[in-house]
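Just below is one structure, and these are the notes that go with it.
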Amino acid sequence: MKVYIIAGKAGCGKNTTANYIKDYYETIGKNCTITEISKYLKLFAYEIKNWDGKRETKPRAFLQEVGSAIRHELYNEDFLINRFLEDLKIYEKFTDVVVVADARLPREIDLIKEKCNAVSIRVLNEFNDYELKGSEKLHETETALDNYDKFDYVLHNQTFEKLQIDAENIVKEVEK
């Protein structure tokens, strides 16, 4: 199973990139699944905050707070990523390609790459300024990758068309 890890700040185009990769694989007859490390945090938001799942109403501060509590107070820094790595065992039985659409921490990327055949892609937003509140911008999930230099690829998100072409070119190169 091939795994792509998409990383970047809020609103940079991680999900868009993941969808372009999925679309490409589906055109060549492969089963591709998009998933997120944060899916457990989002489940808490659905249950605790009655979040409707829409991007416009995303309780980002709450998601950041729950993630920090899990990593630093309740469990340990690897709790969410270990849960995710367990999920990969299930995906491996049912899909050809997995796209992780939301890596935010160096340790997440490093552990996934250590455990499986993974390619990491950083997406840099160069055409849209995504609005986050002050404390949200400073959260570790927004800043932890600022100096991380172990990405296999870096995509410069300048337009949707260019992002799609660049994402497809990465897949073609990986598949060679």
Subject >> Matching option when the condition is at pLDDT 90 or above and over 12 Å from residue 7 (Cβ atoms), among 168, 131 >> reply: 168
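Out of all the residues in the range 42-57, which are more than 24 Å from residue 94 (Cα to Cα) and either in contact with a Pro (Cβ under 7 Å, 6 or more places away or on another chain) or buried (at least 16 other Cβ atoms within 10 Å of the Cβ) (or both)? Talk me through it step by step, then tell me what you get.
So in the range 42-57, the residues more than 24 Å from residue 94 (Cα to Cα) come out as 44-57.
Listed by number, the residues that qualify are 44, 45, 49, 51.
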Original post:
Within the range 93-126, can you find the residues that are basic (Lys, Arg), farther than 28 Å from residue 159 by Cβ and touching a residue at least 60 places away in the same chain (Cβ under 8 Å)?
Top reply: 113
**OP:** Please go through the range 37-68 and pick out each residue that is of a type in the set (D, E, K, R), modelled with pLDDT of 80 or more and assigned to a loop (DSSP other than H, G, I, E, B).
**Re:** 52, 54
**OP:** Name every residue in the range 10-43 that is free of Cβ contacts under 8 Å to residues at least 40 places away in the same chain and β-branched (Val, Ile, Thr), in order of residue number.
**Re:** 27, 28
Subject >> Residue satisfying all of: in the range 11-36; assigned to a loop (DSSP other than H, G, I, E, B) and surrounded by fewer than 20 Cβ atoms within 10 Å (Cβ to Cβ); modelled with the lowest pLDDT among these >> reply: 11
Subject >> Condition broken by residue 123, with the remaining ones in (1) at pLDDT 75 or above; (2) more than 21 Å from residue 163 (Cα to Cα); (3) surrounded by 13 or more Cβ atoms within 10 Å (Cβ to Cβ); (4) of a type in the set (Val, Ile, Thr) satisfied >> reply: (2)
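The values are calculated or read from the model by the stated rules, or taken from the named source; none is laboratory data. Bear in mind the structure is a predicted one, so any value in this text is a computation, not a measurement. With ideal geometry, Cβ positions are generated from the backbone for all residues, glycine too; neighbour counts draw on all protein chains shown.
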